[in-house]
Amino acid sequence: MSAGLKVSRKGFDVNKASDKQLAFSSEWPLLPIEAEGTKAVVKNTSYDETLYTHGLGYVPVFMYWFEVSSKLYPISDFIYFNIWADDTELYLDDTPLTSSGTIHWKVFRRDMLTEYDSGNLQSTDATETDSADIGLLVSNPGSDVWSSDLRDFSVRSDMRQLMIHKTGYFDDSTNGAEITHNLGYNPMYWFYVANTDRNGAGEYSLAYQADDFVVSASDTTLTYTYFGFPFFYTAYLIFKDPVNEVG
Amino acid sequence: MGVVSTSDDKLFISSLPGYSAITDDQEDMAVHSGFEYPKMDEDLVGTIEYTVPAYTSDQDYTITTVTHNYGYMPLCQCFVEDLDGMMPTEFAILPLYDGFTASRFICYTTTTQFVLIYKAITAAPLASPQWDGSDWLFKYQIWAND
């Protein structure tokens, strides 16, 4: 017999809430932030340097944003960053910068090359019945649990966390795959590829949906297709969160 | 900056099924108080539908703004579903570019708002405004993290 923990989001009965209506559960992982940082970059300067040596021994999930003129953009409108991670570092690789700004990066404590499937425990949504929150606040080490700054918290039941449903990867023998998730809704996702056209083997960068990389979703599957050659190693994360509804 | 986690913190830990919260690795934990996690206020997650206007000139169209008033620039992400796409239920994460016209959907945060923009651009002479009149559905998340 195992003991567990599940905490519903504000407004939902924890005994009736569907998986995605939970704030978190011991049945599946969240996405812990291992490290974060910033890097100021200057237009028309070429960079070829380590952003962070993580030393985790595996390729971690990561994400980055770009700040320009007091605006913070996901991924970047301005330039195509070649930022990749391998099993030792996060790297900014010879990017032709067209705007000055600041890269904001985060490295997560999760191996992106992990085959994992949490399964579905409760797929049927509960009706929202109560706007009060009688849940759980966990502050960061050294922070007051009564802080009004949301950045002082590890997790909170009155907020949504990114709950991981399924992760995995494919080798370079295929240009696409259909991934079964059976969530009952179109799920949110992140993709990474080891683009050996420009980087070395084992160096994974964020995959952009574009003319040559397409992602489609249904209630049961997530499908990616790369219309290029050679094919690339591809890793994915699927979250317990709909990509096209608030849910 | 660098490591922000405190993996030796033992205040609140819940392991995944089959693992020990006391002896197993952080990667086998469901939640651990020594780590901060991405998190979002319920009121700062939403969807919006948008029809691309007929092209008249290169310009920006604001699709929506959402006020957060955090006082800092929070992280955000936004997905888009091409409701008229060639493939069923085709999705992308912003920014999304039209490879022919250079038109794009972008989003950003300021210290007070999340802003979703359609930038109408024609990269003449190659392009025609092929997104004109097309329908899109956006899902945005404004994180509390910065």
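A short reminder: the numbers here are calculations on the coordinates, not readings from a lab. All figures in this text were calculated on a predicted structure; none of them were measured in a lab. Glycine also receives a Cβ, built like all others from the backbone with ideal geometry; neighbour counts cover every protein chain displayed.
Pairs exceeding a 27 Å alpha-carbon distance, out of A:LYS6/A:LYS71; B:LYS39/B:LYS119; A:LYS6/B:LYS39; A:LYS16/A:LYS166: A:LYS6/A:LYS71; B:LYS39/B:LYS119. Can you tell me how chain A classifies by the Cα gyration tensor, rounded, prolate or oblate, using a/c under 1.5 as the rounded cut? Oblate. Pull out a ≥ b ≥ c, the square roots of the eigenvalues of the alpha-carbon gyration tensor of the stretch A:108-206, then state rounded if a/c is under 1.5, prolate if not and a/b is larger than b/c, and oblate in the remaining case. The shape class here is oblate.
Per-residue extension of 0.36 nm, minus the Cα-Cα distance of A:ASN15 and A:PHE227, leaves a gain of 71.8 nm for this segment. Of the trypsin sites (Lys or Arg not before Pro) found in the stretch A:154-235, those that fall in a DSSP loop while having at most 12 other beta-carbon atoms within 10 Å are A:ARG198. For the pair the stretch A:138-174 and the stretch A:205-247, the centres of their Cα atoms are 22 angstrom apart. Treating r as the C-beta distance of A:SER46 and A:THR196 and R0 as 25 Å, the FRET efficiency rounds to 0.75.
Placing R0 at 41 angstrom, the Cβ-Cβ distance between A:THR102 and A:ASN182 gives a FRET efficiency of 0.50 after rounding to 0.05. Scanning chain A for GluC sites (Glu not before Pro) that sit in a DSSP loop and have at most 14 other Cβ atoms within 10 Å, the longest stretch containing none of them is A:129-244.
The loop-placed trypsin sites (Lys or Arg not before Pro) in the stretch A:1-42, going by DSSP, include none that has at most 11 neighbouring Cβ atoms within 10 Å of its Cβ. A cut-off of 5 Å between modelled amide H atoms, ignoring neighbours fewer than 5 places along the same chain, links B:SER134 with B:VAL52.
Near B:LEU16, the amide H atoms lying under 5 Å from its own belong to B:MET29, B:ALA30; only residues 5 or more places off or on other chains count, and H is placed 1.01 Å from N.
Among B:110-117, B:31-38, B:18-25, the peptide with the highest mean count of other Cβ atoms within 10 Å heads the list, and the full ranking is B:31-38, B:110-117, B:18-25. Of A:GLN122, A:GLN21, A:GLN161, the residue with the greatest mean-square motion in the GNM of chain A, using alpha carbon springs below 10 Å, is A:GLN122.
Mean sequence separation of contacting Cα pairs (under 8 Å, at least six apart), scaled by the length of chain A, corresponds to a relative contact order of 22 percent. The phi torsions of the stretch A:103-110, fed into the Karplus equation with coefficients 6.51, -1.76 and 1.60 and a -60° offset, translate into couplings of 7, 10, 10, 9, 10, 9, 7, 7 Hz, rounded to whole numbers, with Gly and Pro shown as x.
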